[in-house]
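The values are calculated or read from the model by the stated rules, or taken from the named source; none is laboratory data. Values in this document were obtained by computation on a predicted structure and should not be read as measured data. Counting neighbours? That spans all protein chains shown, and the Cβs are built from the backbone with ideal geometry, glycine included. Please note that ligands, DNA and RNA were not included when accessible areas were found on the heavy atoms of the full protein model with its side chains. Shrake-Rupley method; radii C 1.70, N 1.55, O 1.52, S 1.80 Å.
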Amino acid sequence: MVILIETGLRSVDCLRLPFDPVTTDEAGAPYLRFVNHKASKEAVIPISDRVLQQIRRQQDHLRERYDTAPRFLLPAIRKNPDGQRALSWSTLNRRLQRWLTDGDVRDAAGQPVKITAHQFRHTVGTRMINNAVPLDIVQRMLDHGSPEMTARYATIKDQKLRREWERFQQRVDIRGELIPLPEGPVMS
């Protein structure tokens with residue numbers, strides 16, 4: 001889940017990650033190498049040390065489980081003695097739902113949360129836009145084929161802009177209490 005949560009990778013591309021999907025740049029910074037199934041091309045995106053550590057833990061686990069390194073980083077669990085079959089999309093979603101249930105994750109109304117793996121992708125894109133990452137960089141990170149696809153995330157930024165502007169309009173004193181603004185004519 002960490003890979004999906006932090007990278008916004010499409011779940012199908014995540015499930016098809018090779019056993020060793022990590023590459024580094026000249027400075028040693030880690031990147032995730034994967035095949036974008038929609039564009040049928042290889043792509044590379046930066047990853048955090050947290051994602052890198054999770055990948056290394058998974059690789060260690062698989063080395064203990066299999067005699068030789070399996071084909072995929074996330075191999076199917078059953079009927080897969082040599083690790084040559086990837087984990088299925090349905091298994092990924094069942095695990096996600098179990099993870100949410102085990103963690104007793106709830107929404108603001110106290111109801112159990114229902115999340116799909118693809119929603120992590122939207123979250124990454126939205127957070128990047130809301131943190132002023134340029135659209136062309138978000139497009140590259142999410143490996144979108146067009147800027148129009150990435151621009152869909154910009155509508156969220158407009159909503160955030162409104163919320164932040166409204167928050168800015170509120171004046172507070174040194175105790176954090178709201179100071180009412182005077183109404184009536186601006187100048188008398």
> open to solvent by less than 70 Å² (accessible area, probe 1.4 Å), part of a loop (DSSP other than H, G, I, E, B) and touching a His at 6+ places or on another chain (Cβ under 9 Å) - does that describe any residue in the stretch 6-13?
Replying inline: yes
> Taking the stretch 50-76 only, how many residues are among the polar types (S, T, N, Q), surrounded by 15 or more Cβ atoms within 10 Å (Cβ to Cβ) and modelled with pLDDT under 95?
Replying inline: 0
>> Go through the stretch 14-49 and report how many residues are open to solvent by 70 Å² or more (accessible area, probe 1.4 Å) and at positive phi.
In response: 1
> When the stretch 104-122 is examined, which residues are found to be open to solvent by 50 Å² or more (accessible area, probe 1.4 Å) and either part of a loop (DSSP other than H, G, I, E, B) or farther than 21 Å from PRO21 by Cβ (or both)?
Replying inline: ASP104, VAL105, ARG106, ASP107, ALA108, ALA109, GLN111, PRO112, LYS114, THR116, GLN119, HIS122
> Which of the residues spanning the stretch 137-146 are free of Cβ contacts under 8 Å to residues at least 24 places away in the same chain and either more than 22 Å from SER40 (Cβ to Cβ) or within 14 Å of the chain's Cα centre (by Cα) (or both)?
Replying inline: ILE137, VAL138, GLN139
> Can you pull out the helices (runs of 4 or more DSSP H) entirely within the stretch 127-188 that have at least 3 residues that are farther than 22 Å from TYR31 by Cβ, open to solvent by less than 90 Å² (accessible area, probe 1.4 Å) and modelled with pLDDT under 75?
Replying inline: 154-169
>> Every residue in the stretch 45-85 that is closer than 22 Å to LEU142 by Cα, outside any helix (DSSP H, G or I) and of a type in the set (A, V, I, L, M, F, W, C), please.
In response: ILE45, ILE47, PHE72, LEU73, LEU74
> Which of the residues that make up the stretch 17-53 are in contact with an Asp or Glu (Cβ under 9 Å, 6 or more places away or on another chain) and closer than 20 Å to SER88 by Cβ?
Replying inline: PHE34, VAL35, ASN36, HIS37, LYS38
>> For ALA39, only one of the following conditions fails: (1) under 21 Å from THR123 (Cβ atoms); (2) at pLDDT below 90. What is its number?
In response: (1)
> Just for the stretch 112-128: of the residues that are among the hydrophobic types (A, V, I, L, M, F, W, C) and farther than 17 Å from PRO46 by Cβ, which one is nearest to the chain's Cα centre (by Cα)?
Replying inline: ALA117
> How many residues does the stretch 77-115 contain that are of a type in the set (Ser, Thr, Tyr) and touching a residue at least 60 places away in the same chain (Cβ under 8 Å)?
Replying inline: 1
